[in-house]
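J.: To start, I am sharing the structure in question, which I have written as structure tokens.
Just so it is clear, none of the values below were taken in a lab; they were calculated from the coordinates. Model, not experiment: these values are computed from the prediction. Every residue, glycine as well, gets a Cβ built from its backbone with ideal geometry; the counts of neighbours run over all protein chains shown.
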Amino acid sequence: MDSLDLLIKNLSKLPGVGKKSASRIAYYLLGSQRGFNETLGLEIMEIQDRIHPCPECGNYTEDDICHICSSLSRDRSILCVVEQPQDVLTIDSTGEFHGLFHVINGVLSPLDGIGPEELQLGRLAERVKKNSIEEIIIATNPTLEGDSTALFIAQMFKESAISITRIASGIPVGGDFEYADKLSISRAFKGRREL
Ligand SMILES: [Zn+2]
């Protein structure tokens, strides 16, 4: 396998990049300015050194604590539980939610060997215990696994006085937050209901 084939093979491992796009990108890189490739390569190499999960919420950050957790204008009594760090950005950009986030890093999926221990659920319980949380909004994706994870979280706090809500499914079933538009996300938050 030559260098070009190898690059195409590796690029096609990226999410959303099929063999055809991988090959377009590879040829584009081959024909582009050397400086561009060098900068891009360096950025890819350094991204994991510079960016790490926020120890509070799991959102990605370059600082000790992410900008949301360290903000003084957020409502600290509401936590929004999301599957992955990129959901924080998606939801936050709607401007509809002013509380804090908690990234659980996936969903329960027994068939894939993902149980409660594999997710940041212990950390969630810890955070709720330490802070005066009044509402937990569960914003996992409206998939089978997302729904069962939401129910599991609701069970965790069944005995507490905390209000546990689930966002309305304004997002196409089986769809991902990443691809939902701002309006659908706003509607899903406004239409949240008690679990
Ligand atoms: Zn944070």
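J.: Could you pull out every one of the lysines with an alpha carbon less than 23 Å from that of Lys19, ignoring same-chain neighbours closer than 8 positions?
T.: Those lysines meeting the cut-off are Lys9.
J.: What share of all Cα pairs of the chain, in percent, falls into each consecutive 10 Å distance bin?
T.: Bin by bin from 0 Å, the calculated values are 8, 29, 30, 19, 10, 2, 0.
J.: Still on this structure, I have one more. Counting other Cβ atoms within 10 Å, which GluC sites (Glu not before Pro) in region 1-101 have at most 11 and lie in a DSSP loop?
T.: Here the GluC sites (Glu not before Pro) that fit, given the DSSP loop and packing criteria, are Glu62.
J.: Would you kindly give the portion of the calculated P(r) for region 3-50 that falls above 13 Å, as a percent of all Cα pairs?
T.: Result for the distance tail: 60 percent.
J.: Return the lysines within reach of Lys129: Cα separation strictly under 28 angstrom, same-chain partners fewer than 8 residues apart disregarded; answer none if there are no such residues.
T.: Qualifying lysines at Cα under 28 Å: Lys158, Lys190.
J.: Based solely on its DSSP helices, what 222 nm [θ] is calculated for the chain when runs of n ≥ 4 H residues each add -39,500 (n - 2.57) and the sum is averaged over all residues, nearest 500 deg cm²/dmol?
T.: Computed mean residue ellipticity for the chain: -12500 deg cm²/dmol.
J.: Per q in 0.17, 0.21 Å⁻¹, report the Debye log10 I(q)/I(0) for region 54-149, using one uniform scatterer on each alpha carbon and no solvent.
T.: Reported log10 I(q)/I(0), two decimals: -0.73, -1.10.
J.: Let me ask you something else. Select from Arg74, Arg24, Arg166 the residue whose mean-square fluctuation is largest in a Gaussian network model of the chain (Cα-Cα springs shorter than 10 Å).
T.: Comparing Arg74, Arg24, Arg166 in a Gaussian network model of the chain, the most mobile one is Arg24.
J.: How many angstrom lie between the C-alpha centres of region 1-17 and region 64-135?
T.: Each part's Cα centre sits 34 Å from the other's.
J.: Note the angle between two axes, namely the Cα long axis of helix 121-130 and the longest principal axis of the Cα atoms of the chain, as a number of degrees from 0 to 90, rounded to the nearest 10.
T.: With rounding to tens, the tilt is 50 degrees.
J.: Same structure, new question: With a Förster radius of 41 Å, plug the Cβ-Cβ distance of Glu38 and Glu118 into 1/(1 + (r/R0)^6) and report the FRET value to the nearest 0.05.
T.: 0.60
J.: Can I ask one more? Grab the Cα-Cα distance for Tyr27 and Asn131, subtract it from 0.36 nm times how many residues apart they are, and report the gain in nm with one decimal.
T.: Gain on extension, Tyr27 to Asn131, equals 32.2 nm.
J.: Could I ask something else about it? Asn10 versus Lys158, label points 7 Å from Cα toward the beta carbon: distance in nm?
T.: 5.0
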